[in-house]
Amino acid sequence: MKKRIETINSFIDKSIGTWKSIRSTHSLAFQEFENTNSTISINNIKIDNIEASETLKNFNLELNDPFAIQIKWEAKSDWSEEQTAIFDQTTLIFSKKDSFSGIILKNKGYAESVKSCSNYFLDSEGGLNIKTEYDSTVSFERINFLSMNVRFRYSILKNKSNLSIIQTSHSSEIRELIN
C-alpha cells in the first residue's frame, strides 16, 4: 500500500536532485512524435534569491508560506537532425492554500515560454497535479513517484478556445545516485 505524500514540502523534498529523463511527446495536431533525453536538476533556492525575487516582481499577490525551487535542464531531442543540446532553467515559487494545494508562480511556463501562475493539488495517491492557463493553451500535468528514485510525469496540452487536445507527453525520470 502506498503512503500518501503528506504535504507539498515533502513532495518537493523528494524531488530535489538530478534526474535522467526520457520523454515521448505526441503532437496530435501534426501527427508527429518526439523523443527527448534530458538531465534535469531540481534545487531549493532561497525566496530572496535573485531569480525568485525577479519572479515575484512579475506578480502582485499575497503569498502564504512561499518557498522556491529552480529547475535546470539539458535536453537532446530526435526532432531535429542536429544533435545539439538545449539548456534552460525556470524558477518556481510555491504558495500554499493548505498542505495539499496552492499556486505556483513561474518565470517561464511549460507550454508557453511566458510567466505563468498555476494551481496545484496533491491527490489521494500522492501525485502532484498542476493546471496552468496560458494565453492560447491550457496544460495539465501530473507527477508521481513509483519509488524514491523513479517518478513519472505526464502532461496534456489543450487549445484554450475549444479545449481540443494538441499534445500529450509522458516522461520516465530516474534519479542520479551519488556513489
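Is at least one residue of region 110-131 hydrophobic (A, V, I, L, M, F, W, C) and not in a strand (DSSP E or B)? The answer is yes; a qualifying residue exists. Among residues of region 9-27 being among the β-branched types (Val, Ile, Thr) and touching a Ser or Thr at 6+ places or on another chain (Cβ under 7 Å), the one that is least open to solvent (accessible area, probe 1.4 Å) is THR25.
One residue alone among TYR134, TYR154 is hydroxyl-bearing (Ser, Thr, Tyr) and over 13 Å from the mean Cα position of the chain (by Cα), and that residue is TYR134. Tell me, which residue of region 65-109 that is among the hydrophobic types (A, V, I, L, M, F, W, C) and open to solvent by 60 Å² or more (accessible area, probe 1.4 Å) is farthest from the chain's Cα centre (by Cα)? Among those residues, the one meeting the criterion is TRP79. Residues in region 15-63 that are at positive phi and within 18 Å of the chain's Cα centre (by Cα): GLY17 only.
Residue by residue, here is whether (1) touching a helix residue (DSSP H, G or I) at 6+ places or on another chain (Cβ under 7 Å); (2) more than 20 Å from ARG151 (Cβ to Cβ); (3) at pLDDT below 95 holds:
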site	(1), (2), (3)
ILE5	yes, no, yes
ILE16	no, no, no
ALA29	no, yes, yes
ASN35	no, no, yes
ASN44	no, no, no
LYS57	no, yes, yes
LEU61	no, yes, yes
ASP78	no, yes, yes
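Screening ASN162 on (1) open to solvent by less than 40 Å² (accessible area, probe 1.4 Å); (2) without any contact (Cβ under 8 Å) to a residue 12 or more places away in the chain shows it passes everything except condition (1). Residue pairs, Cβ under 7 Å, 6 or more apart or interchain, first in region 37-56 and within 18 Å of TRP73 (Cβ to Cβ), second part of a helix (DSSP H, G or I) and open to solvent by less than 90 Å² (accessible area, probe 1.4 Å). List them. Listed pairs, sorted by first residue: ILE42/SER15; ILE45/GLU51; ILE45/ALA52. Would you confirm whether or not region 132-144 contains a residue that is surrounded by 13 or more Cβ atoms within 10 Å (Cβ to Cβ), at pLDDT below 95 and more than 20 Å from THR25 (Cα to Cα)? Scanning region 132-144, I find no residue that is surrounded by 13 or more Cβ atoms within 10 Å (Cβ to Cβ), at pLDDT below 95 and more than 20 Å from THR25 (Cα to Cα), so the answer is no.
Kindly list the number of the only condition in (1) free of Cβ contacts under 8 Å to residues at least 12 places away in the same chain; (2) surrounded by 13 or more Cβ atoms within 10 Å (Cβ to Cβ); (3) not small (Gly, Ala, Ser) that fails for PHE30. Failing condition for PHE30: (2). If you filter region 144-164 down to residues that are part of a strand (DSSP E or B) and touching a helix residue (DSSP H, G or I) at 6+ places or on another chain (Cβ under 8 Å), you find that the one that is farthest from SER113 (Cα to Cα) is PHE145.
The residue pairs whose first member lies in region 66-95 and is within 14 Å of ASN35 (Cα to Cα), whose second member is among the β-branched types (Val, Ile, Thr) and at pLDDT below 95, and whose beta carbons are closer than 6 Å, counting only pairs six or more residues apart or on different chains, are ALA75/THR36; ALA75/ILE86; SER77/THR36.
The values are calculated or read from the model by the stated rules, or taken from the named source; none is laboratory data. Predicted model, so just to flag it, every value in this text is computed and none were measured. Virtual Cβ from ideal backbone geometry, glycine too; neighbours counted across all protein chains shown. Surface areas here come from the heavy atoms of the whole protein model, side chains and all, with no ligands, DNA or RNA. Shrake-Rupley method; radii C 1.70, N 1.55, O 1.52, S 1.80 Å.
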